[in-house]
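Participant: The structure's right below; bear with me while I get my questions together.
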């Protein structure tokens, strides 16, 4: 968990989540508090003090580079684990997802 982040409970399952802003869409995105070894794909970046962190979805190449850096010098890096969207773990995720506006492709 990143210390100092405001943590709240999921209104469906009660799990603890960090609210971040999606780098791509600018929308609020619930992130599981605990990092997920070898499954996560999100890096949280604190860009503006007092604002929610920005969620950056890493590419396969970025994840490989992060893992390689960890393997070269594990004492200098946190354990290799990234965050995941709470939509990936919440049993009620479909209830909260919002798709693109009607009549658009979302791209």
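Derivation of every value follows stated rules applied to the coordinates shown; laboratory data play no part. These figures come from a predicted structure and were not determined experimentally. Quick reminder, even Gly has a Cβ in these numbers, built from the backbone with ideal geometry, and neighbours come from all protein chains shown.
Participant: Tell me, in nm to one decimal, what length is gained between residue 81 and residue 7 on full extension, where the rule is 0.36 nm per residue of separation less the Cα-Cα distance?
Facilitator: 24.7 nm
Participant: Okay, next question. What FRET efficiency comes out for the pair residue 69/residue 49, r = Cβ-Cβ distance, R0 = 30 Å, nearest 0.05?
Facilitator: 0.70
Participant: Note the full-extension length gain between residue 97 and residue 25 as 0.36 nm times their separation in residues minus their Cα-Cα distance, in nm to one decimal.
Facilitator: Length gained between residue 97 and residue 25: 24.6 nm.
Participant: Which whole number of Å³ per residue matches the convex hull of the alpha-carbon atoms in the range 7-96?
Facilitator: Value for the range 7-96: 110 Å³ per residue.
Participant: Right, something else. So, in nm, how far is label residue 59 from label residue 33 when the simple model puts each one 7 Å beyond its Cα toward the Cβ?
Facilitator: 3.4
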